[in-house]
1. How many residues are without any contact (Cβ under 8 Å) to a residue 40 or more places away in the chain and of a type in the set (Phe, Trp, Tyr) when one looks only at region 40-76?
2. Can you tell me how many residues within region 93-109 are in contact (Cβ under 8 Å) with a residue 24 or more places away in the chain and not in a helix (DSSP H, G or I)?
3. Quick check on region 77-92: of everything there that is aromatic (Phe, Trp, Tyr) and without any contact (Cβ under 8 Å) to a residue 60 or more places away in the chain, which residue is farthest from Thr15 (Cα to Cα)?
4. Is it the case that some residue within region 53-65 is touching a helix residue (DSSP H, G or I) at 6+ places or on another chain (Cβ under 8 Å), over 23 Å from Ile109 (Cα atoms), basic (Lys, Arg) and surrounded by 18 or more Cβ atoms within 10 Å (Cβ to Cβ)?
5. If you go through region 94-129, how many residues are under 19 Å from Tyr69 (Cα atoms) and surrounded by 10 or more Cβ atoms within 10 Å (Cβ to Cβ)?
6. Give the residue that is modelled with the lowest pLDDT, with candidates limited to residues of region 102-129 that are of a type in the set (Phe, Trp, Tyr) and out of contact with any Pro (no Cβ under 7 Å at 6 or more places or on another chain).
Amino acid sequence: MDISWSNNEVELIITDYFQMLIAELGGISVNKAEHRRQLLPLLNNRSAGSIEFKHQIISAVLINLGQPYITGYLPRFNFQKMLEEKVLEYLALDHTIENLFKSFAEKEIILPKSDVVFDNFVVPPPITDRVSEPNHSYLHLRFFGHSSDEQEQKYLYMLSTKTQYAGIKTHMLIIHLLKYLTNKYL
């Protein structure tokens, strides 16, 4: 029997999710199972699986907003409007999250030591006529990065959409690769 989540339950799970996300973005290891165990008695007869599923749905909401999400909670996109509204409400009320997202997006990317040489993977681009991108709205970049410069907006949009489904480490590696290619060929 599936009973809808109450406002109180949704607020509790969103708060729990953002506590874990803040820790992860800060480089602190998070024990997701422990978070679920602590949340279980506060919810209305929910299973550990339903809590994990709801965390995955919150990841999907954040992806739709162009924001980072918790590694390991792959997005499930069948979410209710109420959950999305509660996530937006949480983000609007907690300004430290916005600053954390901004510092995450702007911090220097430090790659792990690797023997990979990107030059070995790069071939000269084909010579073609210039193709322009369609006109997009970049409003969803409010938390992930914002610029009044049109070119920079397009660059931020590209980075967030091209890497939005990756975990944080992969996301940072891809951004570094894209910056490398941009500097080398543009």
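1. Going through region 40-76 one residue at a time, the tally reaches 1.
2. Of the residues in that region, 2 qualify.
3. To start, the set of residues in region 77-92 that are aromatic (Phe, Trp, Tyr) comprises 77, 79, 90.
Keeping just the survivors that are without any contact (Cβ under 8 Å) to a residue 60 or more places away in the chain gives 77, 79.
Working: Phe77: 20, Phe79: 17 Å.
Here the residue is Phe77.
4. yes
5. 12
6. First pass over region 102-129, keeping only residues of a type in the set (Phe, Trp, Tyr): 104, 118, 121.
Cutting the leftovers down to out of contact with any Pro (no Cβ under 7 Å at 6 or more places or on another chain) gives us 118, 121.
Details: Phe118: 70, Phe121: 74.
Selected residue: Phe118.
The values are calculated or read from the model by the stated rules, or taken from the named source; none is laboratory data. Worth saying up front: this structure is predicted, and the values here are computed from it rather than measured. Glycine also receives a Cβ, built like all others from the backbone with ideal geometry; neighbour counts cover every protein chain displayed.
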